[in-house]
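Structure record follows, encoded as structure tokens.
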Amino acid sequence: MTVVTDAPSSSAPAPRLRVLVYSSDSSVRQQVILALGRRPHPDLPEVEYIEVATEPVVIQNMDAGHVALAILDGEAVPAGGMGIAKQLKDEIFRCPPLLVLTGRPSDAWLATWSRADAAVPHPIDPIQLGESVVGLLRSRVPAQQ
């Protein structure tokens, strides 16, 4: 007797959303990752983080097309996240959503100039960051029936 089920195989890996986190400061990258956790919202798949410390590696990862969201530190040196955001929006067709970490709340206008999809100021507020990230990631996940 053969039993057939519609249940997915438990050996198949669950889909993950790749989130690129760029900052020249490793403590900022860790703050972002700790604030969001492995699953920023129960309705979303798990997140896999790609930590990046340099602009060329950001560009390389974004060109590869496997990133669902990029979080870019506007205070990074020598290449700030806002300049990188503008470049990505100008150069990548259907660029994934970009969130810029600004130096202070009043820098939100600069994030608008960079064409970032969202901005969160330093110091990082985990609630505000989480809400922004969840909103941006929802646009990358097919609707569940």
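The values are calculated or read from the model by the stated rules, or taken from the named source; none is laboratory data. All values reported here derive from a predicted model rather than from experimental measurement. Glycine also receives a Cβ, built like all others from the backbone with ideal geometry; neighbour counts cover every protein chain displayed.
Applying the condition of being of a type in the set (A, V, I, L, M, F, W, C) and closer than 13 Å to Ile71 by Cα to segment 115-128 and asking which residue is surrounded by the fewest Cβ atoms within 10 Å (Cβ to Cβ) yields Ile124.
Among the residues of segment 37-71, those identified as among the aliphatic types (A, V, I, L, M) and farther than 17 Å from Val141 by Cα are Ile50, Val52, Ala53, Val57, Val58, Ile59, Met62, Ala64, Ile71. Contact annotation: residue pairs with Cβ atoms under 6 Å, 6 or more positions apart or on different chains, pairing a residue in segment 123-141 that is touching a residue at least 40 places away in the same chain (Cβ under 8 Å) with a partner that is β-branched (Val, Ile, Thr), are Leu129/Val120.
Answer yes if at least one residue in segment 104-114 is surrounded by fewer than 21 Cβ atoms within 10 Å (Cβ to Cβ) and either in contact with an Asp or Glu (Cβ under 8 Å, 6 or more places away or on another chain) or modelled with pLDDT of 95 or more (or both), and no otherwise. No, the conditions are met nowhere in segment 104-114. Cβ-Cβ contacts under 6 Å between residues 6 or more apart (or on different chains), taken from a first residue in segment 58-69 that is in contact (Cβ under 8 Å) with a residue 12 or more places away in the chain and under 14 Å from Arg16 (Cα atoms) to a second residue that is part of a helix (DSSP H, G or I) and not charged (D, E, K, R), are listed as Val67/Asn61; Leu69/Leu136; Leu69/Leu137. Taken together, the residues in segment 79-118 that are in a loop (DSSP other than H, G, I, E, B) and free of Cβ contacts under 8 Å to residues at least 12 places away in the same chain amount to 3. So, Asp63, is that one out of contact with any Leu (no Cβ under 9 Å at 6 or more places or on another chain) and modelled with pLDDT of 95 or more or not? In short, yes. The lone criterion from (1) surrounded by 14 or more Cβ atoms within 10 Å (Cβ to Cβ); (2) within 21 Å of Gly130 (Cβ to Cβ); (3) modelled with pLDDT of 95 or more left unmet by Gly37 is number (1). Is there a residue in segment 129-138 that is surrounded by fewer than 19 Cβ atoms within 10 Å (Cβ to Cβ), of a type in the set (Asp, Glu) and at pLDDT below 95? No, that holds for no residue. Scanning segment 55-90 for residues being under 23 Å from Ala108 (Cα atoms), out of contact with any helix residue (DSSP H, G or I) (no Cβ under 9 Å at 6 or more places or on another chain) and β-branched (Val, Ile, Thr) gives a total of 1.
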